1. Using the Karplus curve 6.51 cos²θ - 1.76 cosθ + 1.60 with θ = phi - 60°, work out ³J(HN,Hα) for each residue of region 286-292 in order, rounded to whole Hz, and write x for Gly and Pro.
2. Taking every DSSP beta bridge with both residues inside region 67-222, roughly what % is antiparallel (nearest 5)?
3. So between I196 and R17, what do we pick up on full extension, going 0.36 nm a residue minus the alpha carbon distance?
4. Tell me, what is the FRET efficiency for N57 and T116 to the nearest 0.05, using R0 = 45 angstrom and their Cβ-Cβ distance as r?
5. Normalising by the residue count of region 39-195, find the relative contact order in percent from Cα pairs under 8 Å and 6+ residues apart.
6. Under the Karplus relation 6.51 cos²θ - 1.76 cosθ + 1.60, θ = phi - 60°, what is the ordered set of whole-Hz ³J(HN,Hα) values for region 305-313, x standing for Gly and Pro?
7. List the residues, sorted by chain then number, that are 5 or more residues from E323 or on another chain and whose placed amide H is less than 5 Å from its amide H.
8. Taking the Cα centre of region 24-148 as origin, work out the dipole magnitude from +1 charges on Lys and Arg Cβ and -1 charges on Asp and Glu Cβ, in debye rounded to 20.
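What follows is calculated from the coordinates using simple rules that are stated; it is not laboratory data. Only a predicted model underlies this, so the values are computations on that prediction, with no experimental measurement involved. Virtual Cβ from ideal backbone geometry, glycine too; neighbours counted across all protein chains shown.
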Amino acid sequence: MVNEKMKALGETRSVIRELFEFGKILKRERGEENVFDFSLGNPSAPVPDCVNEAIENRLKDGNIHNYTSAQGDLSARAKIAEYHRNRTGIDISADNIYMTYGAASALSAVFLALNTGSCEYIAIAPFFPEYKVFTESAGGKLVAVKTKDDFSLDVDAVAAAVTEKTCCVILNSPNNPVGNVYSEKELKALAAALSIKRKQTGRTIYIVSDEPYREITYGKDVPDVMNIYDDTIICYSFSKTLSLAGERIGYVAVSPKADCTGEIYSAVCGAGRALGYVCAPSLFQRVVTDCLGKTADIAVYRRNRDLIYEIVTRCGFECVKPEGAFYLFIKCPIESGKFFEICKGEGVLVVPSESFGVNGYVRLAYCVPTDVIERSAPHFEIIAKKCGLMK
């Protein structure tokens, strides 16, 4: 016999991954030029030169492929801590940093570390679908709280959802799937509300800030959550900013100002051990710390954003212009299931919003070659006509 819950997860891909695999089949059937796969947030911008240079230089080092310490190489953690200190002014150290296999393992370890039994994790909907998998696998329950209609934080709704079982609020800014950036004003209001709730419940409520898109913005600043709320834990990935999605490298940063900082960090280390997330890839621990503050060419995504936004709005579709990340969240002009099927029939692969915790939208990932977006324009016009938006 096996764990039936794990068996079900293994037999059923996420909607995003299912569409990605379906796209491969469709390309073989129709020809790659006739399929426009906007399903997966797979970075298309080339890695910056510093990555390849760092790989070449690091390969000259001895023992580069050996195990590091379980929580990560000390020099790598020290460099990341220094980077945070310089950016935020917060006195974070290597002993607040845990190297991980991207943001997924960072989140999984943190959620397990925070669960003291039957805990609740508040997620701001729309949210990354795997939050539900990660929190439930940690033994907790995901509580979805919707944003306001304009996708800004509904602080009153978050506060109302807090109970004595709440261990954290999960933030993702820039957001997947909307692309909005939470303002300093919004975050300060949230911090104030959580501080009040802490006094009422007698329990520390942490903010887990999921930040894989931190540097992918189009002119809007991303506030440092640690400077706004002491009880903050950051989960970071280099997958998007350095176009290293396949290398799986990231980290957890526990604020030194957080309640029970040392205990939280120890619990993250223990959760990493329990989950098998120890000793992240040795070479890339060093490579990414040689490239701190660098990014792939964000101009590629800005160009794609402006192009796809112009195409879909010209066709009559409603969406918020993204301030960061590389997703467009389009409102369905007709019943969402029917709209999704019309898109799929035209070879335009987008992700239904139900898996993101809200209804009536689809997510489009524009981190694709620009020519894919250009060639998709006539197909969006056909979709618009079938939905009654164009004649």
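1. Karplus values, whole Hz, x for Gly and Pro: 6, 4, 5, 6, 7, 10, 4.
2. Numbers: 0 of 15 bridges.
Once the DSSP bridges in region 67-222 are tallied, antiparallel ones form about 0 percent.
3. Values: separation 179, 0.36 × 179 = 64.44 nm, distance 3.99 nm.
Additional length available on full extension: 60.4 nm.
4. Working: r = 44 Å, r/R0 = 0.98.
Efficiency, rounded to the nearest 0.05: 0.55.
5. Numbers: 155 pairs, mean separation 25.8, N = 157.
Across region 39-195, relative contact order equals 16 percent.
6. Along region 305-313, the couplings run 4, 5, 5, 5, 5, 5, 5, 6, 6 Hz.
7. When sequence neighbours closer than 5 places are left aside, the close amide H contacts are N180, V181.
8. Details: 14 positive and 15 negative charges, 80 e Å.
With Lys and Arg at +1 and Asp and Glu at -1, about 380 debye.
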